[in-house]
Amino acid sequence: MNHVSRRSVALIGVITIFVTSCSTDDGRRMQEPVGGPPIVGTTAPASDIDATGWKLTAPWEAGGEINIRYTCDGEGISPPLVWGEGPEMTRAYGIVLTPQDDPSTVLWALADIPIQTRNLVEGLGPDGAIVSVNASGALGYQAPCPDAGISQQFEITVYAQEFPLESAPNTPASQMRDALQEVALDAVSTTFTHQRR
């Protein structure tokens, strides 16, 4: 092979390597990014407040001590509450108060609170609401009253009703709570504690 032929073969080899290295069909294609960051699983339950933005405001820190005026050691009047607008299709609101360690005991239950009402004044029920008979057998609010020296936790829940209950007068609070759960579109809660001195 002469000098010119060797140079030609070398040049062809260099061109072949260059073309091969620039090819985009070598199985190493860039993938288009898909979606956002990876989804990380969690076992934590979703919060109604986090999921929907629906809030319930009460005059205590969540899980904190309730003002004594709303307990049997004080005036025993119902606390003031303020809540945001319920989800679409809400027709009325309901409220339930239970001890967390005994949710079958219902201390307070209201239903069919008019849709335009989103707050309660302390000691007063809203016009148009249906008031149940509480666990003590009286109509209306039963103040939290744990045994002396015992710290007990309680929960107040506001329900967004898809349908009005139209309950009969003197409905037991536990029955009203069960009915509210049946027609609830959503619910938001706050907790508090009380310890008798």
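Every number here is computed from the coordinates shown, using simple stated rules; none is lab data. Owing to the predicted nature of the structure, the values given are computational and were not obtained by experimental measurement. Glycine gets a Cβ as well: all are built from the backbone with ideal geometry, and neighbour counts include every protein chain shown.
Working note: Karplus 6.51/-1.76/1.60 with θ = phi - 60° gives segment 107-115 the couplings 8, 6, 8, 10, 9, 6, 5, x, 4 Hz, where Gly and Pro are set to x. Taking other residues whose beta carbon is less than 15 angstrom from the beta carbon of MET176, and scoring Lys, Arg as +1 and Asp, Glu as -1, yields -3.
Less than 5 angstrom separates the built amide H of GLN100 from those of GLN153, PHE154, GLU155, all sequence-distant by 5 or more or on a different chain. Maximal additional length on extending the ASP147-GLN175 stretch stands at 7.5 nm, based on 0.36 nm per residue less the C-alpha distance.
Each Lys or Arg adds one and each Asp or Glu subtracts one; over the other residues with Cβ under 13 Å from the Cβ of GLY123, this totals -1. Phi angles across segment 60-71 convert, under the Karplus curve 6.51 cos²θ - 1.76 cosθ + 1.60 with θ = phi - 60°, into 3J(HN,Hα) values of 7, 6, 3, x, x, 6, 7, 4, 4, 4, 9, 10 Hz, Gly and Pro given as x. Count charges around GLY149 for me, please; just the other residues with Cβ under 10 Å from its Cβ, Lys/Arg as +1, Asp/Glu as -1. Spelling it out: positives minus negatives among the neighbours equals +1. Here the 3J(HN,Hα) profile of segment 120-131, calculated from phi with Karplus coefficients 6.51, -1.76 and 1.60 at θ = phi - 60°, is 10, 7, 4, x, 10, x, x, 4, x, 7, 8, 9 Hz, Gly and Pro shown as x.
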